[in-house]
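Rule-based calculations on the coordinates, nothing more; no lab input. None of these values were measured; they are calculated from a predicted model. Here Cβ is always computed from backbone atoms with ideal geometry, including for glycine, and neighbour counts include all displayed protein chains.
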Amino acid sequence: MNPAEPQVITIMPRSNRERRDQYESHKLVKRLRRLAGQAIADFDMIGEGDKVMACLSGGKDSYAMLDILLHLRSRAPVAFDIVAVNLDQKQPGFPEHVLPEYLTALGVPFHIENQDTYSIVKRVIPEGKTMCSLCSRLRRGVLYRVAQELGATRIALGHHRDDILQTFFLNLFYGGKLKSMPPKLVSDDGRNVVIRPLAYCEERDLEAYAELRRFPIIPCTLCGSQENLKRKEVKAMLREWEKRHPGRVESLFTGLQNVIPTHLLDRELVDFSAIRATGTPVPDGDTAFDVE
């Protein structure tokens, strides 16, 4: 080619599929950020001057939570700090370098807490039994302590909408309680405020987001491979319901936000002995099932 001749660079047009994928990815990112921001606002999760301890397990949900919180902080009307914390439970084969390298590259302050809770769980729980309950209690206790040591005013967990619904049915089916995961609560020790910024986010969106952002996922070899978990059964049940009746899961989640205690049977919530006819109409007084 003659050096004097201008080079012609041909730019191939993107395919319709590429344009569509980019459009869907953009919608996904906006949706997750909007829903997390809405949950934070609805439940007053983060305020001026808060120090948020983002608990990072190495799974898709906690990665997404940290990523979204970092974005929201840059646009939030209030100033708050974020510190990422990982509990290294000394599971065999755990890649200790992954999270420090990832967080260093992000420029996020972080703390790695080393506690061998793995050995405790393996020693206490018989082979074949579910490990999640004990593992969760041990992990929670360590994180509560670390939050105090770091001066954190909020402990952020990566539970999402599906986790909340699954927990509701687990408590209903196996605990005999109408109880789930609140988006914001005071910790067991009374010293910490726990928040769940992803409370409105769907798991399938978080799965797609993790793939889009290429998070370095670390699988849980302690309990993630257990096949006898009741949570897995409930998860499969909800997915089957949604497949057969689209919109049912959304309706279930909405129901958790529209509780009518007078139409349940808890005598601690309602003084049934004091109920008297007054002659005045009562909204929803005897409506057991609303008109569709």
Fraction in percent of alpha-carbon pairs per bin - 10 Å, the range 26-255: 7, 31, 39, 20, 3, 0
A student asked for the Cα radius of gyration and Dmax of the range 21-114 in angstrom ought to give 14.7, 43
Give the angle, between 0 and 90 degrees and rounded to the nearest 10, that separates the Cα long axis of helix 161-170 from the longest principal axis of the Cα atoms of the chain. 40 degrees
Would you compute, from DSSP H runs of 4+ residues alone, the mean residue ellipticity of the chain at 222 nm, taking -39500 (n - 2.57) per run and dividing by the full residue count, rounded to the nearest 500? -13500 deg cm²/dmol
Relative contact order of the chain: what whole-number percent is it, with Cα pairs under 8 angstrom and at least 6 residues apart? 20 percent
Could you point to the residue in TYR118, LEU66, VAL52 farthest towards the positive end of the range 44-170's charge dipole, with +1 and -1 charges on the Cβ of Lys/Arg and Asp/Glu respectively? TYR118
How big is the dipole moment of the range 26-255 about its Cα centre under a simple scheme where the beta carbon of each Lys and Arg is +1, that of each Asp and Glu is -1, and everything else is neutral? Debye, nearest 20, please. 540 debye
May I ask you to compute the full-extension gain from GLU48 to ASP116, defined as 0.36 nm times their residue separation minus their alpha-carbon distance, rounded to one decimal in nm? 20.9 nm
Between the helical axis of 230-244 and the dominant principal axis of the chain, each derived from Cα atoms, what acute angle in degrees is found, rounded to the nearest 10? 80 degrees
